[in-house]
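What follows is a set of notes on a single structure, which appears directly below.
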Amino acid sequence: MFSAAFLVQALLASAVFAVPTSKERFASRRARRSNGATRQSKPVNLISSQSTSNVTHEQFSENWAGAVLVASTATYKAVTGTFTVPTPKSTGGSSEQCASAWVGIDGDTCETAILQTGVDFCVEGTEVSFDGWYEFFPADSDDFDISFSAGDSVTLTATVSSTTSGTLKIVNNSKGTSVSKAVTSTAKLCETNAEWIVEDFEECDGNDCSLVPFADFGTVEFTGAEATTSSGTVTAAGATIIDIEQNEVLTSSSVSGSTVTVKYTA
């Protein structure tokens, strides 16, 4: 009896230890990327658009949800927004699911480059993990060395120095930490789009790229959503709304002044 009970306890213990922790999954993603796998945010992949009495300009995309300002004459020099890191939930299945919140310049009507920074939130079962990153598309994203917990207040800022250079910064207001990176690219920014986005990003292994399984992120609310233009500072008011559609509409986005709200609705 003692041996049987001991065996059961050992099996249960091994099963518990077999479940990867958030740190282990974080390390696994880093290892995949160091071995050639890449993570990349992409320009918006639009499916359709519509005008309604409630939403003047709404677009549906495979990968973006949120708000985009499109300049007609002025150019965008910086974009910023603050959000609370959500607790992602699995929508079912055994694979890891993720979503990402970021701010950026270009990638909508200007598809040649995107200057952007954000936070990925991933879940497998009940275990969650978070990654901070920066990217000057078409280059792949790189990881920031900064930690997050669900409930942290985070401020993201992308600042243009020239059409081929800029600075990306993340501040964890709750932990009192920050990181920033000056970046350059051979691709040129148009400086015509400013964005506050929740994205279903891509992971690539060689030339094989696919969207990651999309997580239920609950709600991401960007406050202090502002963009600096060549002629002054503007809020996100009047931005074009984008929602993610993958066979069905997965999100509901809205803008009120300097607040952009993105909700998972599937």
Considering only residues that are β-branched (Val, Ile, Thr), crowded, with 18+ Cβ neighbours inside 10 Å and in a strand (DSSP E or B), look in segment 192-222 and name the one that is nearest to the chain's Cα centre (by Cα). Val198
Condition first: under 19 Å from Trp64 (Cα atoms), of a type outside the set (Ser, Thr, Tyr) and part of a loop (DSSP other than H, G, I, E, B). Can you find one or more residues in segment 240-260 that meet it? yes
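Yes/no matrix, rows are residues, columns are (1) part of a loop (DSSP other than H, G, I, E, B); (2) surrounded by 18 or more Cβ atoms within 10 Å (Cβ to Cβ); (3) touching a helix residue (DSSP H, G or I) at 6+ places or on another chain (Cβ under 6 Å):
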| residue | (1), (2), (3) |
| --- | --- |
| Ile146 | yes, yes, no |
| Ile170 | no, yes, no |
| Ser174 | yes, no, no |
| Ser178 | no, no, no |
| Cys190 | yes, yes, no |
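Would you check which residues across segment 122-144 are hydroxyl-bearing (Ser, Thr, Tyr), out of contact with any Cys (no Cβ under 9 Å at 6 or more places or on another chain) and in a strand (DSSP E or B) and list them? Step through it out loud before you land on a result.
Taking segment 122-144 as the starting set, the residues that turn out to be hydroxyl-bearing (Ser, Thr, Tyr) are 126, 129, 134, 141.
Cutting the leftovers down to out of contact with any Cys (no Cβ under 9 Å at 6 or more places or on another chain) gives us 126, 134, 141.
The one that is hydroxyl-bearing (Ser, Thr, Tyr), out of contact with any Cys (no Cβ under 9 Å at 6 or more places or on another chain) and in a strand (DSSP E or B): Tyr134.
Name the strands (runs of 3 or more DSSP E) wholly within segment 39-121 that hold at least 3 residues that are of a type in the set (Gly, Ala, Ser)?
64-70, 97-105
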Residues Ala266, Ala227: which one is assigned to a loop (DSSP other than H, G, I, E, B) and either surrounded by 15 or more Cβ atoms within 10 Å (Cβ to Cβ) or of a type in the set (A, V, I, L, M) (or both)? Ala266
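Does Val154 meet the test of being surrounded by 16 or more Cβ atoms within 10 Å (Cβ to Cβ), more than 24 Å from Glu111 (Cβ to Cβ) and in contact with a Phe, Trp or Tyr (Cβ under 7 Å, 6 or more places away or on another chain)? Outline the logic, then answer.
Numbers: surrounded by 16 or more Cβ atoms within 10 Å (Cβ to Cβ): yes; more than 24 Å from Glu111 (Cβ to Cβ): yes; in contact with a Phe, Trp or Tyr (Cβ under 7 Å, 6 or more places away or on another chain): yes.
Criteria met by Val154.
We did not get these values from a lab; they are worked out from the coordinates using the rules stated. It should be emphasised that the depicted structure is a prediction, and the values quoted were computed from it without experimental measurement. Positions of Cβ are generated from backbone atoms using ideal geometry, with glycine treated the same way; all protein chains shown enter the neighbour counts.
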